[in-house]
Each structure stands twice: as C-alpha cells, then as structure tokens.
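Asks: After the structure tokens below, expect a handful of questions from me.
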Amino acid sequence: MRIPHIYQPSDLVIGQTIDLGDDAAGHVARVLRMSEGDKLSLFNGQGGEYLATISEVSKKKVRVTPEQFIDKQVESPLSIHLGQGISRGDKMDFTIQKSVELGITEITPLFTTRCGVKLSGERLTKKHQQWQKIAIAAAEQSGRNTITTIHPPISIDEWLAQSSEALKLTLHPRAEHSIKTLPAPEHGIRFLVGPEGGFTDEEMAATAQQGFIDIRLGPRVLRTETAALTVLSALQLEFGDLAL
C-alpha cells in the first residue's frame, strides 16, 4: 500500500515532533482516516522527503515525527513557465492540476481580451489561493517534492513584457516550427496558451514583438486545456524526462 505523500510547509527535522498544518491535518484525519502509528511521507518543497510516523490524531490536531530523510529527486530537468489565458468553469483547475502532474515549474494565469472571466478584489484573491491549493494537492498525488508556483493573475501584456532568457513559445496553426525543430532550451521555456476564445490579432502581434516563436502541433484545433497539456507532454518528451 502506498504511503500518503503530504506537503508540510515548515522545517522538518529528524526526531522532532511537529503539528501538521490545518489543511494537511484535515486531510490525514478526516479524508484518509489515518491513526496513531501510521506512516506518512512528508515534504516541504526544499528537496527530498521525510518518512514520518503519526504520534497523535484528534479532530483538531495531527502530530507526526520525521524519522528518515530520503533524498528522492523526481523533478524534470526542464523548467517550464506556462502563461495560461484564464478559462471558464473548472477548465482552469483541470489545466493546473494536470500541468503539475506533468512537471510544470510555474504557472501565471492571464487576463486576455477573450478570456471571458471577470475576477477582482477578494474573489481574485480566493481564486488564486484555490489554484495554489490545487497545485499542492497535485504535487502530493504525483509524488513531487516541490510545489509549482501559481503566480497571481496578471494581464497578458504584463506577462509578455517580463524579462526572460527562456525559449519563448506560442501556438499557431500555420506556424513553420514544430517542437522537434526547436533548439535545446538552455534557460528553460516560457509557453503561452490562449483561453477558449483564442488570442486577438493584436495579442498575436505582441507575442512576435516580444520574441515568441510560433509552433504548431498538428492539423486539428485543440481546446485550451488540451493544447496546454499536449504541448507540455511534448516538451517533456523532447527536452525533459518523459519517456516512451
């Protein structure tokens, strides 16, 4: 039986008992229904994981003691920052969850002309927090020992203007380049995916002005969540750690 993999954002020291955070404790006690003496795998995003034993479980508290550090590295050698046009409903949640499973490093949700999602103030803050929690849960499920950074949402113009030495890519159905024709990315990849309505001509022109390379996946038009995950899979296969 697989030992649950739990994120604990604090220092972890062998032999030093700690209380799990509220989210982790609730998951362990109420969802997994674990008991005193059960084993956990803990990680804090600083590399590796800790085999731990539960010493106390109650409705309000779960105490654990790390017993062994395991220097387990499962991160891709390829750093990818996804700029994702915010999509409606649960599509954005799905994209974040699956991108984390595929090893994405960073995600920035983007407001674009055709994104169709209006968020501001407290609603925006809560949505951002929800997306980060989805990334944490996906890291736990997939056995990753680092947490994908979900940046606060910004406009596409702000994201395009950010300085970066990464290889910059965006999709275009009539592009000359495919992923196999790209040079090896020495400084990682920044990849842009539009919302359901796609990009405007002005936004596509702005990507070209900022040095983004148009790439194509094939003859079919993909939904926004399908496009992001297909490109991520192809990039990890070509330059990262996915294997056939």
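The values are calculated or read from the model by the stated rules, or taken from the named source; none is laboratory data. The shown structure was predicted, so the numbers you read here are calculated from the model rather than taken from an experiment. With ideal geometry, Cβ positions are generated from the backbone for all residues, glycine too; neighbour counts draw on all protein chains shown.
Asks: Which of (1) without any contact (Cβ under 8 Å) to a residue 24 or more places away in the chain; (2) under 20 Å from R2 (Cβ atoms); (3) polar (S, T, N, Q) does S120 not meet, given it meets every other one?
Replies: (2)
Asks: Of everything in the stretch 35-56, what is buried (at least 19 other Cβ atoms within 10 Å of the Cβ) and either in the same structural domain as T149 (by TED's automatic domain parsing) or hydrophobic (A, V, I, L, M, F, W, C) (or both)? Give them in sequence order.
Replies: L40, L42, F43, A52, I54
Asks: Here is a check on your reading of the model: is K126 assigned to a helix (DSSP H, G or I), under 18 Å from A234 (Cβ atoms) and out of contact with any helix residue (DSSP H, G or I) (no Cβ under 6 Å at 6 or more places or on another chain)?
Replies: Values: assigned to a helix (DSSP H, G or I): yes; under 18 Å from A234 (Cβ atoms): no; out of contact with any helix residue (DSSP H, G or I) (no Cβ under 6 Å at 6 or more places or on another chain): yes.
So K126 fails the test.
For every residue, the table says whether it meets (1) out of contact with any strand residue (DSSP E or B) (no Cβ under 9 Å at 6 or more places or on another chain); (2) among the charged types (D, E, K, R); (3) buried (at least 20 other Cβ atoms within 10 Å of the Cβ).
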residue: T148; (1), (2), (3): no, no, yes
residue: H151; (1), (2), (3): no, no, no
residue: W159; (1), (2), (3): no, no, yes
residue: L171; (1), (2), (3): no, no, yes
residue: R174; (1), (2), (3): no, yes, no
residue: S178; (1), (2), (3): no, no, no
residue: I189; (1), (2), (3): no, no, yes
residue: V193; (1), (2), (3): no, no, yes
residue: Q210; (1), (2), (3): no, no, no
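Asks: Would you please name the residue that is surrounded by the fewest Cβ atoms within 10 Å (Cβ to Cβ), looking only at residues in the stretch 212-244 that are under 30 Å from Q73 (Cα atoms) and of a type in the set (D, E, K, R)? Reasoning before the result, please.
Replies: Start the filter on the stretch 212-244 by keeping residues that are under 30 Å from Q73 (Cα atoms), which leaves 225-244.
Next, from what is left, pick out any that are of a type in the set (D, E, K, R): 225, 238, 241.
Details: E225: 21, E238: 15, D241: 12.
Out of the qualifying residues, it is D241.
Asks: Where the second residue is among the hydroxyl-bearing types (S, T, Y) and part of a strand (DSSP E or B) and the first is in contact (Cβ under 8 Å) with a residue 12 or more places away in the chain and in the same structural domain as F111 (by TED's automatic domain parsing) and lies in the stretch 178-193, which pairs have Cβ atoms under 9 Å and are six or more apart or on separate chains?
Replies: Note: pairs meeting the criteria are F191/T170; L192/T170; V193/T170.
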